[in-house]
1. Counting other C-beta atoms within 10 Å, which of 60, 253 has the fewest, and how do the rest follow?
2. Would you mind checking the stretch 24-47 for residues with the amide N under 19 Å from a putative spin-label position 7 Å along Cα→C-beta of residue 89?
3. Say we join alpha carbon atoms closer than 10 Å with springs in a Gaussian network model of the chain; which of 160, 77, 25 then has the biggest fluctuation?
4. What shape does the stretch 6-147 have by the C-alpha gyration tensor, where a ≥ b ≥ c are the square roots of the eigenvalues, rounded means a/c under 1.5, and otherwise prolate means a/b greater than b/c and oblate the rest?
5. For helix 115-127, what angle does its Cα long axis make with the longest principal axis of the chain, in degrees from 0 to 90 and rounded to 10?
6. Using bins 5 angstrom wide from zero, how does P(r) for the chain break down, in % of all Cα pairs?
7. Counting only DSSP beta bridges with both residues in the stretch 2-263, what percent are antiparallel, rounded to the nearest 5?
8. Given a cut-off of under 8 Å on Cα pairs at least six residues apart, what relative contact order in percent is computed for the stretch 39-170?
């Protein structure tokens, strides 16, 4: 009886630790919009898009002069869209339109953040580009960074058109929990999955995996596993720098341009 009680206590303790880990270590939203594209000299549309479950998410659409390719930007787990202006500027200078959106619970987007919710948010943003902006689906590049990587991969399995870039993404929450705690936590204890490794096998469009060999947050090995599991055509770029500054290397942007231009239809 004592062994049973101790086992139950340990399981309850593990459950508590895991639940605390999940929400506090997955999502780091901020509400305040500090700056807008106008502050860096870019014209933009400030949008509210309704998802299939009736949530309203905030997005910016920033057109480019050439505008033959549109980037759907699924950002990472911290801050909000106002903290991505440096990347928006570079994409714009490359001649790409951008639609960047905040997941529910981030910035001015309404609703409570959840894994399912992030998938619905990305799908709604994509549908807005295709239906409202009347942009050819084959000329859309889904770009997901960090947490946005698994979200972008999920979206790609639903549409399988255009191209996708996953930058600094992880394989699954279960694998990230092991990175954080040093032990593998059973899937049944986790309410969040973000199982990109499983879903990437159902992506049938060109994919570029970008990951820094020196990433201290999400090990490069996870990016390599995603690449190995992906279908052809696929490319891998082994970047340098840390998790948050990999994009500062000129070669990073050159590889993105080469990939997008190669498969642009």
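Read-outs throughout are calculated quantities, based only on the coordinates presented, and are distinct from any laboratory measurement. All values reported here derive from a predicted model rather than from experimental measurement. No Cβ is skipped: glycine too gets one built from the backbone with ideal geometry, and neighbour counts run over all protein chains shown.
1. 253, 60
2. 33-45
3. Maximum fluctuation in the GNM of the chain, among the listed residues, is at 25.
4. Judged from the Cα gyration tensor, the stretch 6-147 comes out prolate (a/c at least 1.5, a/b above b/c).
5. Orientation of helix 115-127: about 10 degrees from the principal axis.
6. P(r) for the chain, in whole percents per bin: 1, 6, 13, 17, 19, 17, 12, 6, 3, 2, 1, 1, 0, 0, 0.
7. Of all bridge pairs located within the stretch 2-263, approximately 25 percent are antiparallel.
8. 25
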